[in-house]
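The values are calculated or read from the model by the stated rules, or taken from the named source; none is laboratory data. Just so it is clear, the model here is predicted, and its values are computed rather than measured. All Cβ positions, even for glycine, are placed from backbone atoms using ideal geometry, and neighbour counts span all protein chains on display. All accessible areas refer to the heavy atoms of the entire protein, side chains included, with ligands and DNA or RNA removed. Shrake-Rupley method; radii C 1.70, N 1.55, O 1.52, S 1.80 Å.
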Amino acid sequence: MTSSHWLLLFVWILYYAAHSILAATSVKVFFEERLKKYFRYYRLSYSIFAGITLFLLLIFQYSFESPVLISSVLLKYISLIILVIPGVAIMMISIKKYFLLLSGVRSVFEATPQVELKVEGIHRYVRHPLYLGTLLFVWGLFFIFPLLNNLIALVLLNTYVWVGIVFEERKLVKEFGEKYKAYISGVPKLLPHFKIKK
């Protein structure tokens, strides 16, 4: 790996660290105490910050030469069909269900948006459909553009998602209690299983 690849690795780690810190409950409480009525815009501000920094990070990621790791035209087409297209579809379904809440846009219209436990639709098959869709999409992109810089981003994304889910589910158990525990027992985390009715 070149110095640019090592720097990319560091910047991705820094991005995910900042993402985690700003999403932590203790940090939210800190800002809530100081921002008072303006805290309702915290999530929206966070989403804008995350979007801008991600955009800048991706510009850097593709600003330097990176070696090709795999050379297969067939793999590109297979990845497009079984990873990218399903990944985009799952992401779109998920975003449609809770974009306004998760992005913070809803806070512009509601002072305290009501958070609900989603257990219908795609959530009947997997607890974290947006993560699943994102992983499928990014894995697919890697096989279509199998560059070292994409592999670095992919490995760190996978690590972040798996670790992030653990902490996110702890929060959800605290928030929804036994209802979420029952949901965990009946619905898989990321890999859906479809029961065939007899």
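Observations on the structure shown:
- When the Gaussian network model of the chain links Cα atoms closer than 10 Å, the mean-square fluctuations of Trp12, Trp162, Trp139 top out at Trp162.
- Three principal axis lengths of segment 23-94 [C-alpha, angstrom, descending]: 55, 33, 18
- Long hydrophobic helices in the chain: the complete DSSP H runs spanning 18 Å or more by Cα along their own axis with mean Kyte-Doolittle hydropathy of at least -0.5 are 3-23, 42-61, 85-103, 129-144, 148-176.
- Fraction of accessible area attributable to carbon and sulfur, the chain (%, probe 1.4 Å): 72 percent
- A 1.4 Å probe run over the protein chains yields, for segment 29-72, 76 Å² of accessible area per residue, whole-number rounding.
- Peptides 146-157, 171-182 ordered by average Cβ neighbours within 10 Å, highest first: 146-157, 171-182
- FRET efficiency, 1/(1 + (r/R0)^6) with R0 25 Å, evaluated for Arg170 and Leu35 via beta carbons: 0.50
- Segment 1-31 and segment 38-73: distance between their alpha carbon centers, rounded to Å: 12 Å
- Once the C-beta distance of Val88 and Thr53 is scaled by a Förster radius of 25 Å, the resulting FRET efficiency is 0.65 to the nearest 0.05.
- Average Cα contact separation per residue, the chain, under 8 Å, 6 or more apart, as relative contact order %: 29 percent
- Principal axis extents of the C-alpha atoms in the chain (largest first, rounded to whole Å): 55, 51, 27.
- Taking Cα centre as origin and charging only the Cβ of basic (Lys, Arg, +1) and acidic (Asp, Glu, -1) residues, the dipole magnitude of the chain rounds to 760 debye.
- Given charges at Cβ of Lys, Arg, Asp, Glu: the chain dipole, positive-most of Phe39, Gly177, Ser26: Gly177
- Residues of segment 120-169: accessible area per residue with a 1.4 Å probe, Å²: 41 Å²
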